[in-house]
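Values quoted throughout were computed directly from the atomic coordinates according to the rules given, and no laboratory measurement underlies them. Worth saying up front: this structure is predicted, and the values here are computed from it rather than measured.
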Amino acid sequence: MNQIKTAGAQISCEITLRDRPLLVCDVDEVVLEFLTPFTAYLEAERHELRADSFKLNGNIYRRDDGQPVDKAAVNAFTERFFAVQDRWQTVADQAAESLEAIAAEADIVFLTAMHPRHHGLRRQLLDAAGLPYPMIATEREKGPEIKALHGDRDLPLAFIDDIFTNLHSVRRHVPDCLLINLMANAQFRALAPDPGEGITSVDNWHAAAALVRRHFGLGAV
């Protein structure tokens, strides 16, 4: 067993890794739906999210005059949404059952890109959804976080995220890691650019789990 103490921004947590492969997963748009419930949240706030491009900034509009809001307003909406995430977010299709099957033979850690002040509420939401895997909440770059987490263990490692910059960061810091791009929202996924060399894009958890299991040397389910 390998005990890792890591500081995810201001939140500290202790994670015990066993002598098994490790799957690290982003949460928003990977394990939990984000864009679909965030769209519904904005509508309740008399705003709308348009899928005009692969980003949030510039794509949120006021309903009263049809004008886009600025980056500060986008950040404010995201912050308020995370404060009530438990009322809006649901588990992504096939995520729970796929992770449960992988967890029988590998360790799983969630690495969520959010301010640590939301850690407690997100932990409650994941636990209530039957996703008890340890979680790090951080706004830091993900590559160094995963490198510190995995250390020098000679065991397979995989990482799933919807944001290319996070995948690229892990590619730089942990070259042997299997990198999978997965986004739950099909409308925005269709707008995504090519993720780049060494990253495999998939449309659903069934495909993602198959890649992970193959990389880990596990049998098909």
Treating cross-link reach as a plain straight distance, find the aspartates and glutamates whose alpha-carbon is under 14 Å from the alpha-carbon of LYS147, omitting any fewer than eight places away in the same chain.
-> ASP176
Under Karplus coefficients 6.51, -1.76 and 1.60, residue-wise ³J(HN,Hα) of the range 163-170 in Hz, glycine/proline x = 9, 5, 4, 5, 5, 5, 4, 5
